[in-house]
Amino acid sequence: MPTERRRSIREYIEAHGEANLDELMQLCNGCSSMTLWRDLKKLEDEGAIRRKRGGAIAVRLVQTEAESLYEQRSVVNPKAKRIIAQSAVQYVHQSDSVYLDAGSTIMALVHMLPDQYYNIITSGTNIASELSQKSKCNVTVVGGQVNGNTISCSGPQAEAFLDGVNIDIAIMVTSGFSLQSGFTSSHFSEHQLKRKVI
């Protein structure tokens, strides 16, 4: 019975994209909210759904939402990103050990990199994927906790990985800059990773 109920919940959420607790209580003939929360927890642990306040959302929508946030940022200031990328790419030389941050500005740089022998370390999972299309490029992802908003890895595992790596040049981006605060990052763990790279 619990297995069938969870299957029904999963199918309902997949079909509708999301569901609140009231909808699920109707679907499951008045099951208690505690039972439903346990079911949602189990489904989330299985990777079938993502819990949210008051209900759950289909995993496909969570992934699409993160991708669309990145896509939205990637079309902002494309000319400026190309200019920055053109300036930065001249500092990357064949056989260098290069750290590339995550972000749409770094992606612009990746598109400009010639297919030469580089050892590239990156926190950007999409950056690594794009670089893997270049046949001569050796690419390593730092690992750690994945941030779906920035499509990047950070955290203690990523920082520990960098302890054993020599970097010739690092190209990083920032969320903002002010005279009072200097460079800023919107995520603490990514800020810590950038500090470790420096």
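The values are calculated or read from the model by the stated rules, or taken from the named source; none is laboratory data. The structure presented is a predicted model; accordingly, all values stated were derived computationally and were not measured. Using ideal geometry, Cβ is built from the backbone for each residue, glycine included, and neighbour counts are taken over all protein chains shown.
Within segment 1-26, the set of residues being aliphatic (A, V, I, L, M) and assigned to a strand (DSSP E or B) comprises just one member, Ala19. The criterion of being under 21 Å from the mean Cα position of the chain (by Cα) and without any contact (Cβ under 8 Å) to a residue 40 or more places away in the chain does not hold for Ser152.
Of the residues making up segment 38-50, those that are in contact (Cβ under 8 Å) with a residue 12 or more places away in the chain and either farther than 19 Å from Pro2 by Cβ or not acidic (Asp, Glu) (or both) number 7. Val139 meets each of the listed conditions (1) buried (at least 22 other Cβ atoms within 10 Å of the Cβ); (2) farther than 25 Å from Ala80 by Cβ apart from (1).
Screening segment 111-130 for residues that are touching a residue at least 24 places away in the same chain (Cβ under 8 Å) and of a type outside the set (Ser, Thr, Tyr) and picking the one that is surrounded by the fewest Cβ atoms within 10 Å (Cβ to Cβ) gives His111. Of all residues in segment 86-101, those being within 23 Å of the chain's Cα centre (by Cα) and either exposed (fewer than 13 other Cβ atoms within 10 Å of the Cβ) or over 18 Å from Cys137 (Cα atoms) (or both) number 0.
Within segment 72-85, if we keep just the residues that are within 23 Å of Ile120 (Cα to Cα) and either hydroxyl-bearing (Ser, Thr, Tyr) or within 23 Å of the chain's Cα centre (by Cα) (or both), the residue that is modelled with the lowest pLDDT turns out to be Ser74.
Scanning segment 163-198 for residues that are in contact (Cβ under 8 Å) with a residue 40 or more places away in the chain and either in contact with a Lys or Arg (Cβ under 6 Å, 6 or more places away or on another chain) or assigned to a loop (DSSP other than H, G, I, E, B) (or both) returns Val165, Asn166, Ile167, Asp168, Met172, Val173, His187.
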